[in-house]
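Taking it in order: structure first as structure tokens, then the write-up.
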Amino acid sequence: MIKSITIKNVATYDSAGIEIDNLRKVNFIYGVNGSGKTTISNYLQQMDDPKYASCSLVWENDLPINLLVYNKKFREKNFSGSIKGVFTLGQATKEEIETIEKKKEDLQALKNKEISENNALEKQTKEKEELEDDFKEVSWKVYKKHESPFKEAFIGFLKKDSFKSKLLEEYLENTSILLSHEKLKEKARTVFGEIPTTISTMPNINFDRFIEIENNIIWQKKVIGKSDVDISKLIQKLNLNDWVNEGRGYLQEDDICPFCQQKTINEKFRKQLDDYFDESFINDTKLIKELTEEYERLATNLLNELNVLETSEKNKKETKLNIKLFSEYLKTLSSQIISNKELFHNKNKEPSRSIELNSLQKQLESIQELISSGNEEIRKHNIIVENYVAEKTNLIKSIWKYIVKENEPAIRNFIKKRDGLQKGIETISKNKDELHKKYQNLDKEIKELGKNITSVQPSVDQINKALQSFGFHNFAIVSSPVEKNHYQIQREDRTLAESTLSEGEITFITFLYFLQLAKGGISEDNVTEDRILVIDDPISSLDSNVLFVVSSLLKEIRKTMYKNEGNIKQMVIFTHNVYFHKEVSFIDGRTYERGDAHYWILRKNRNCSSIQPFGIKNPIQNSYELLWKELKELKNRKFNSSTTIQNTMRRIIENYFKILGKYGDDELILKFTDKEEQEICRALLCWINDGSHCIPDDLFIEEQGDVTENYFDVFKNIFAHTNHLEHYEMMMKDEVIEATQNNP
């Protein structure tokens, strides 16, 4: 069964939400329209919908049961042209039914055993958790006792859980030599203090490619054009090589010179330029450009790396790098690189010029030497740290050895109990798994047996019988001519009735279908499955006659549930109708309360839903109920005020039969078959109407005690002849109880 339902972050439920907990076999949730009932039923119908991600449901013993929800969505889904057939145990022999019932009893017994094992598992698990918690507190007392002198030894285990785990680990694994408490304290004063840490070495720099680029002969080479071209002598004589090469980029498709703006450019001249600046020239200028770009890229990366190293070492408390000298070298290196970039720029612009670069080799070697020297110091430091760590590690192990030895009896006792409980948990878990497997196999066997004797027709017959019994004579459920195991609603003239049915008729049909589905299933496989019914406002659009019918049908289900019969194990009923709530929640017996039924009221305030639990106490009372209470009190006082009785009876009959039941006086009178009884009923109605609207004439006084008592009997018979005696007895329950006590 469902233990609790949590709804939040959806519709009118905020982030705090509500929790409906401690659900019983039958659960009544009353709330006016818009208070949030449908949101809950929709969640139970579609729990995997992403919008209900913050909602949750807890099953009793972690055993889910099939949920069957009746709400607006159910009506829409199951009333669209045709209705799916519901399989029930059809033309089965008595022996077959008894076999299935016997196996279902065996299935329930297995389930009960599984629940029992699960309870034992929970108990054993809880006992183990309590043992763990108790030992955790014992361990923490050990920590507190030795915290002052040995706290450094407990670093990393300064929480209860981690300290407990470490204590158990050391008990099993620590093989250190046991030292005295005083010796440990003495060593701790020396070793525990400011902790030296291992230092990471600095990265070495690779500058080989810098040197290769600087030493390339291209920088000293005067890159000029081919000398055996006619125009070469003039270009070289006037030293116009770079100027002409740059001017080539300004040539257009026409014959206009880009410099003198005269028509001096012809095909012959163009060819001479191309011949002069030949492939060798192009390759050299390309090499100059590529080496320049590579140099600048390498220089940028190198400076970034060295700047990061400089910043990092400056921030260290005890750097091993000569940071002052390193910064000076780095500053000089940056200036040299800037100077070389300028020379590269000139060479790219004027390839015919020879340049002399500033060599970075000496500066880079100086920087590398500083880094290497620093790394050597780091290596020496780390050797010291390693020895320190070994000394400290040994001391920490000795401290743990001491506290383990000191608390050895408690630790040993805990481990023995824990291992015993764990073994029990494993045994119970194994038994539980075996029982669950047997349960699954038997459940499968029952389903196979059910397949052989299941039928749709009994469900159809039951729905049609119910329709006829409750006054719906002009339509019935018939087989669909096009779909197997599907049914349609047909009128007496064989026309389909779906489009002409009233909302109340549709709701009643789908509710009858829902009840059949609750007893059977859409397929043969799930006919015998246990299920939970969730019913959301089944009478929202029905007249009062059907209101009492629906409540009567649900009460019949409740009776079977109370007897632990059938496959319905739990029921949750939502309603906004106080009269329906009153009818369906009526308990046969001598008390208002029953342990297997719980009540809640759902409210909405400022567009936020909340819920109030009432436990086994039914919270729904109204003025109608108070009228009955007043009538009972008047009768018990031996009719001291007949005028009050008349007014009270009138208001009850008007509320119940005229407003809710749409009965007039004549219709009530005709419910009595005997003429004399009809006249008595007519007299009663006249009496209560006269007595409630006027004051008796004081010229004529009559003692009305006997008359009033007779009318009380007729008042009761009105309910009996209209088939609502159960309602009368429910409202007059004190009288019924008294009569039962006086006439056992």
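The values are calculated or read from the model by the stated rules, or taken from the named source; none is laboratory data. This is a predicted model, so every value here is computed, not measured. Cβ coordinates were reconstructed from backbone atoms using ideal geometry, including for glycine residues, and neighbour counts include every protein chain displayed. Heads up: the accessible areas ignore ligands, DNA and RNA and are worked out on the full protein's heavy atoms, side chains in. Shrake-Rupley method; radii C 1.70, N 1.55, O 1.52, S 1.80 Å.
Which members of the stretch 708-726 meet the condition of being hydroxyl-bearing (Ser, Thr, Tyr) and assigned to a loop (DSSP other than H, G, I, E, B)? Passing the criteria: only Thr722. The set of residues from the stretch 47-69 being open to solvent by 20 Å² or more (accessible area, probe 1.4 Å), part of a loop (DSSP other than H, G, I, E, B) and within 23 Å of Ala16 (Cβ to Cβ) comprises Met47, Asp49, Ala53, Ser54. Within the stretch 9-28, the residues that satisfy the criterion of being touching a helix residue (DSSP H, G or I) at 6+ places or on another chain (Cβ under 7 Å) and closer than 30 Å to Lys555 by Cα are Lys25, Val26, Phe28. Pairs needed: first member in the stretch 18-38, more than 15 Å from Ile5 (Cα to Cα); second member anywhere, assigned to a loop (DSSP other than H, G, I, E, B) and modelled with pLDDT under 90; C-beta distance under 8 Å; at least 6 residues apart or different chains. Matching pairs, first to second residue: Tyr30/His576; Tyr30/Pro619; Tyr30/Ile620; Gly31/His576; Val32/His576; Asn33/His576; Ser35/His576. Contact map, the stretch 713-725: first residue among the hydroxyl-bearing types (Ser, Thr, Tyr), second residue surrounded by 14 or more Cβ atoms within 10 Å (Cβ to Cβ), Cβ cut-off under 9 Å, separation 6 or more or different chains; pairs are Thr722/Phe657; Thr722/Gly661; Thr722/Tyr663; Thr722/Leu668; Thr722/Lys671. For the stretch 152-195, the set of residues classified as within 42 Å of the chain's Cα centre (by Cα) and free of Cβ contacts under 8 Å to residues at least 24 places away in the same chain consists of Phe154, Ile155, Gly156, Phe157, Leu158, Lys159, Ser162, Ser165, Glu169, Leu172, listed by residue number. Lys617: modelled with pLDDT of 75 or more and open to solvent by 40 Å² or more (accessible area, probe 1.4 Å), yes or no? Against the criterion (modelled with pLDDT of 75 or more and open to solvent by 40 Å² or more (accessible area, probe 1.4 Å)), Lys617 qualifies. Restricting the stretch 189-217 to residues that are farther than 30 Å from Thr319 by Cβ and among the hydrophobic types (A, V, I, L, M, F, W, C) leaves a set whose member that is most open to solvent (accessible area, probe 1.4 Å) is Ile217. Among the residues making up the stretch 329-385, those that are at pLDDT 90 or above and among the small types (Gly, Ala, Ser) are Ser334, Ser335, Ser339, Ser366, Ser372, Ser373, Gly374. Looking at Ser148, Ser176, Ser139, just one residue is surrounded by fewer than 11 Cβ atoms within 10 Å (Cβ to Cβ) and of a type in the set (S, T, N, Q), and that residue is Ser148. Of all residues in the stretch 335-362, those being in a helix (DSSP H, G or I) and more than 14 Å from Phe207 (Cα to Cα) number 14. If you go through the stretch 189-209 and keep only what is modelled with pLDDT under 85 and assigned to a helix (DSSP H, G or I), you end up with Arg189, Thr190, Val191.
The single residue among Asn375, Asn394, Asn358, Asn382 that is over 30 Å from His181 (Cα atoms), touching a residue at least 12 places away in the same chain (Cβ under 8 Å) and under 54 Å from the mean Cα position of the chain (by Cα) turns out to be Asn382.
Leu131 meets all of the listed conditions (1) aliphatic (A, V, I, L, M); (2) touching a Ser or Thr at 6+ places or on another chain (Cβ under 8 Å); (3) under 30 Å from Asp433 (Cα atoms) but one, namely (2).
Restricting to the stretch 274-328, count the residues that are under 25 Å from Arg379 (Cα atoms), modelled with pLDDT of 90 or more and β-branched (Val, Ile, Thr). Qualifying residue count, the stretch 274-328: 3. Going through (1) aliphatic (A, V, I, L, M); (2) under 30 Å from Asn174 (Cβ atoms); (3) touching a Leu at 6+ places or on another chain (Cβ under 9 Å) one by one, Ile337 falls short only on (2). Put simply, of Leu370, Leu321, Leu395 the only residue that is in contact with a Phe, Trp or Tyr (Cβ under 6 Å, 6 or more places away or on another chain), crowded, with 16+ Cβ neighbours inside 10 Å and more than 19 Å from Arg209 (Cα to Cα) is Leu370.
Please verify whether the stretch 552-567 includes one or more residues that are surrounded by fewer than 20 Cβ atoms within 10 Å (Cβ to Cβ), modelled with pLDDT of 85 or more and assigned to a loop (DSSP other than H, G, I, E, B). No - not one qualifying residue is present in the stretch 552-567.
Restricting attention to the stretch 337-353, the residues that are surrounded by 13 or more Cβ atoms within 10 Å (Cβ to Cβ) and small (Gly, Ala, Ser) total 1. For Thr673, the criteria (1) at pLDDT below 70; (2) over 17 Å from Lys635 (Cα atoms); (3) in a loop (DSSP other than H, G, I, E, B) hold in every case but one, which is (1). Residues considered: Lys128, Lys73, Lys123, Lys102. Of these, the only one that is open to solvent by 40 Å² or more (accessible area, probe 1.4 Å), part of a helix (DSSP H, G or I), modelled with pLDDT of 90 or more and closer than 30 Å to Glu529 by Cβ is Lys123. Name the residues in the stretch 18-44 that are open to solvent by 20 Å² or more (accessible area, probe 1.4 Å) and within 14 Å of Arg603 (Cβ to Cβ), would you? Hits for the stretch 18-44 are Tyr30, Val32, Asn33, Gly34, Thr39.
Among the conditions (1) open to solvent by 10 Å² or more (accessible area, probe 1.4 Å); (2) among the hydrophobic types (A, V, I, L, M, F, W, C); (3) at pLDDT 65 or above, the only one that Ile489 does not satisfy is (1). Considering the stretch 167-188 alone, what residues qualify as being over 16 Å from Asn407 (Cα atoms) and in a helix (DSSP H, G or I)? Answer for the stretch 167-188, where residues must be over 16 Å from Asn407 (Cα atoms) and in a helix (DSSP H, G or I): Glu182, Lys183, Leu184, Lys185, Glu186, Lys187, Ala188. In the stretch 412-441, the residues that are farther than 21 Å from Lys164 by Cβ and open to solvent by 90 Å² or more (accessible area, probe 1.4 Å) form no Cβ pair under 8 Å with any partner that is part of a helix (DSSP H, G or I) and among the polar types (S, T, N, Q), whether six or more places apart or across chains.
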